[in-house]
1. Might you let me know whether the stretch 31-43 holds any residue that is at pLDDT below 80, of a type in the set (A, V, I, L, M), open to solvent by less than 90 Å² (accessible area, probe 1.4 Å) and over 26 Å from Ala197 (Cβ atoms)?
2. Could you tell me how many of the residues in the stretch 97-113 are surrounded by 15 or more Cβ atoms within 10 Å (Cβ to Cβ), within 10 Å of Ala245 (Cβ to Cβ) and out of contact with any Pro (no Cβ under 9 Å at 6 or more places or on another chain)?
3. Do the conditions hold for Val193, that is, is it under 14 Å from the mean Cα position of the chain (by Cα) and open to solvent by 20 Å² or more (accessible area, probe 1.4 Å)?
4. I'd like to check something: does the stretch 202-218 contain any residue that is modelled with pLDDT of 95 or more, out of contact with any helix residue (DSSP H, G or I) (no Cβ under 6 Å at 6 or more places or on another chain) and under 20 Å from Val86 (Cα atoms)?
5. Look at Leu237 and say whether it is in contact (Cβ under 8 Å) with a residue 60 or more places away in the chain and at negative phi.
6. Need a quick list: helices (runs of 4 or more DSSP H) entirely within the stretch 15-101 having at least 1 residues that are farther than 18 Å from Gly164 by Cβ and among the charged types (D, E, K, R).
7. I need the full set of residues from the stretch 81-94 which are surrounded by fewer than 24 Cβ atoms within 10 Å (Cβ to Cβ), under 18 Å from Val189 (Cα atoms) and of a type in the set (A, V, I, L, M), in order please.
8. Among (1) of a type in the set (A, V, I, L, M, F, W, C); (2) in a helix (DSSP H, G or I); (3) at pLDDT below 95, which single condition is Met161 missing?
Amino acid sequence: MAVDKPAGADTAHAPAQPGKWRLGGALWLLGMPGVVAVVWALLPTLKVNEALLPLPLEAVLLLSGLQTAVLLALAVALGVWLAPRVGLRAPAVSSWLAGLPVGPALRAQLVPGLWGGVAGAAWLWLLSRLAPAALQPSDPANAMPLAVKLLYGGITEELLMRWGVMSLLLWLGWRLLQRGQGQPRKGLVATAVLLSAVLFAVGHLPAAQALAGVLTMPVVAFVLVGNTVFGLVAGGLFARHGLEAAVIAHVLAHLLASPLL
């Protein structure tokens, strides 16, 4: 996947740069529906095991939501401060906040995002056919709700892993290896895409363990390879076109794949 130039390089004009607090607040609010959705999805499981909980059910839900909301705030803050320094952008959201037309910034990301979503859906379909039996839910009703996949997977995860983690990784490489001079080189961008994709995959291991019961080598390999590949797609889109392209691809991948799984 080509990651040879940072986001915003395709635009003829300098990207909009709204205030950091406004951009951070907007992106945090954009990711919060996913936090609510994933906490709500935990409710049935927690109710079944309510007697084993160390705290009242409501307190467990609140603390779970607060923990994820704080992580989201940290990731958003990292991206707001570091992403522009290494050429990474959220062009459509930034244009909206700056009072500029959103259409041009969004249209530039739409086609790459759509292609990424179609490729991601095909990859998810293939993975569903190759998944180890331990990762197949015994009761289809226990599968992750589509709303969680779209809101948390498609938006919140992109804010956490691409906007936050990938921006931090690229900034660190740029500061250490280029002394903060010039635009990040191709190798640094590619490395940040790869490392953030691997961390994205590692972040799915706890869910795999909860489903499989034990992390065997086949399960770990499947989860790491499967999620790293899509992480490369999303990271490449973020680096080349902008955050919204990665979000479009992630949301569309789940949306298109859902009827096929």
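The values are calculated or read from the model by the stated rules, or taken from the named source; none is laboratory data. Because the structure is predicted, anything quoted here is derived from the model rather than measured. Glycine also receives a Cβ, built like all others from the backbone with ideal geometry; neighbour counts cover every protein chain displayed. These accessible areas exclude ligands, DNA and RNA; they are computed on the full protein's heavy atoms, side chains included. Shrake-Rupley method; radii C 1.70, N 1.55, O 1.52, S 1.80 Å.
1. no
2. Selection size over the stretch 97-113: 3.
3. Details: under 14 Å from the mean Cα position of the chain (by Cα): yes; open to solvent by 20 Å² or more (accessible area, probe 1.4 Å): no.
No; evaluated as a whole, the condition is false for this residue.
4. Quick first cut of the stretch 202-218, residues modelled with pLDDT of 95 or more only: 202.
When the remaining residues are screened for being out of contact with any helix residue (DSSP H, G or I) (no Cβ under 6 Å at 6 or more places or on another chain), the result is 202.
With under 20 Å from Val86 (Cα atoms) added as a condition, the list becomes none.
Checking the stretch 202-218: not a single residue is modelled with pLDDT of 95 or more, out of contact with any helix residue (DSSP H, G or I) (no Cβ under 6 Å at 6 or more places or on another chain) and under 20 Å from Val86 (Cα atoms).
5. Values: in contact (Cβ under 8 Å) with a residue 60 or more places away in the chain: yes; at negative phi: yes.
Judged against the criteria, Leu237 is a match.
6. On the way: elements: 20-48, 57-82, 91-97.
Result: 20-48, 57-82.
7. Going through the stretch 81-94, the residues surrounded by fewer than 24 Cβ atoms within 10 Å (Cβ to Cβ) turn out to be 81-82, 84-85, 87, 93.
After this cut, where a residue has to be under 18 Å from Val189 (Cα atoms) as well, the list is 81-82, 84-85, 87.
Leu82 - this is the single residue of the stretch 81-94 that is surrounded by fewer than 24 Cβ atoms within 10 Å (Cβ to Cβ), under 18 Å from Val189 (Cα atoms) and of a type in the set (A, V, I, L, M).
8. The one condition Met161 does not meet is (3).
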